[in-house]
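Comments concern the structure below.
The values are calculated or read from the model by the stated rules, or taken from the named source; none is laboratory data. Computed from a predicted structure; not experimentally measured. Every residue, glycine as well, gets a Cβ built from its backbone with ideal geometry; the counts of neighbours run over all protein chains shown.
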Amino acid sequence: MRQINASIDVDRRLAPQDLAGSKVHAAMLARQGIISKEDESGIQQGLDQIASEITEGRFSFDEALEDIHMHVEARLTELIGPAAGRLHTARSRNDQVALDFRLWVREACDRAAAGLEALQRALLIRAEEAADALMPGYTHLQSAQPVTFGHHLMAYVEMFGRDAGRLRDARRRMNECPLGAAALAGTSFPIDRHATAAALGFDRPTANSMDSVASRDFALEALAAGAIAATHLSRLAEEIVLWVSPGFGFITLSDAFTTGSSIMPQKRNPDAAELVRAKAGRLLGSFAQLVLVMKGLPLTYGKDMQEDKATTFEAFDALDLSLAAMTGMVTDLRLRRDVMAMAAASGFSTATDMADWLVRVLGLPFREAHHLTGRAVARAEAHGLTLQDLPLAELQAVDPRITEDLRTVLDPRHSAASRSSYGGTSPAQVRRQVEAWKARLA
Ligand code: ARG
């Protein structure tokens, strides 16, 4: 029973939140005349001492005392005697843990949103440098049209911006204080829930005492937002793995973010990227774990809910670490512009530009232009040439009205620069996106 019941190994991480909540609760009890001023000051001093014992590693944890709430109360009793017992007036461990956990998740959301913004800043620096660096844009992982590396990175800036937004939305919704719900029904003491809510930085107290102790959707929402962010991180991580692989060779990572092989001396493995790619599984797993704990639970509190913390802590630890590692890799990576530009020119990546030229200059319907371009691609393939290197005679065999002017648009650099529609890949558009995000993040 002791082993299955104890949660101290996990919820000791809630000590700062637990102490903050208790201090605010004690102050309110005294202001409302529920406990005396003397008892309150004893409680405050005791709680401060416990806080320093914990930060200095002098506090002793014992499984027999079950959880962090019991630990603090037991130590407070040792320190100040029976007055310690007055702290728990008009409070239950049910609203206490709901408060502590909410405070923790709120901080975790803030931390993750700040981590996402730091990553966005790192991406912006690289995107600005590489606003005109050509690379192949892919669909189906096949070269589709030339894009710029800056544009590719800015796609992630958009994704991480929405991720941070989801965490901020979740934070806004969770920012109601459950303290004072007591066990589940509220309390007969004349407490001031608005005061404790305000003192702890909440917008207001929760409106229903049963909901307050029974709900963990604030954590689910944060985990869901975190899982989506981790999914985006894993996509970028996967691209880094591809880009550093010899088959692509688009970028290099320094020894700071790679490891050698114990047997193959030539290897530089992108372990950090691979681990970020994998950690998305933890985030999604944590969401699944908690949603399954909550599913079908009758109101209000059930000890099942004690399982909410380990999984949430683990998830946000993984997210924090992934964000730090990704920010490090983005700053560390070096572009091989020549290799990328060569790849951007291969795979008939400017075929669409040829079709567009036939539409614009010869006035052909796009479908027909598409068909003629296909024939030009077939001729180039047969000769082992790129479209750009195909002799004029070969192009004119497809349509005699084609002139040397076509060759300009077959240049990948021209192709990328021409995609200057709003949100397009042209270096000018990329620089505009970068400036807009710099202003948003300032
Ligand atoms: N350790 C418990 C938890 O994490 C605290 C709440 C205990 N409440 C109770 N009624 N047993 O959920």
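Annotations
- Those residues of the stretch 241-273 which are under 10 Å from residue 329 (Cβ atoms) and part of a loop (DSSP other than H, G, I, E, B), in sequence order: 253, 254, 258, 270
- Of all residue pairs spaced 6 or more apart or on separate chains, those with beta-carbon atoms under 8 Å, a first member in the stretch 289-303 that is within 21 Å of residue 315 (Cβ to Cβ) and a second member that is more than 13 Å from the ligand (Cβ to nearest atom) are 290/220; 290/223; 291/220; 294/217; 294/220.
- None of 198, 207 is of a type outside the set (Asp, Glu), at pLDDT 95 or above, part of a helix (DSSP H, G or I) and away from the ligand (no atom under 16 Å from the Cβ) except 198.
- Residue 296 being among the small types (Gly, Ala, Ser) and either part of a helix (DSSP H, G or I) or touching a helix residue (DSSP H, G or I) at 6+ places or on another chain (Cβ under 8 Å) (or both): no
- When residues in the stretch 51-69 are screened for being away from the ligand (no atom under 14 Å from the Cβ) and outside any helix (DSSP H, G or I), 6 of them pass.
- Failed criterion for residue 387 (all others in (1) in contact with a Phe, Trp or Tyr (Cβ under 9 Å, 6 or more places away or on another chain); (2) of a type outside the set (Phe, Trp, Tyr); (3) in a helix (DSSP H, G or I) hold): (3)
- Filtered by the rule that a residue be within 12 Å of the ligand (Cβ to nearest atom) and β-branched (Val, Ile, Thr), the stretch 81-104 gives a lone residue, 97.
- A residue that is farther than 21 Å from residue 79 by Cα, basic (Lys, Arg), within 14 Å of the ligand (Cβ to nearest atom) and surrounded by fewer than 20 Cβ atoms within 10 Å (Cβ to Cβ) cannot be found anywhere in the stretch 30-50.
- Across the stretch 87-113, the number of residues qualifying as buried (at least 18 other Cβ atoms within 10 Å of the Cβ) and either touching a strand residue (DSSP E or B) at 6+ places or on another chain (Cβ under 7 Å) or in a helix (DSSP H, G or I) (or both) comes to 18.
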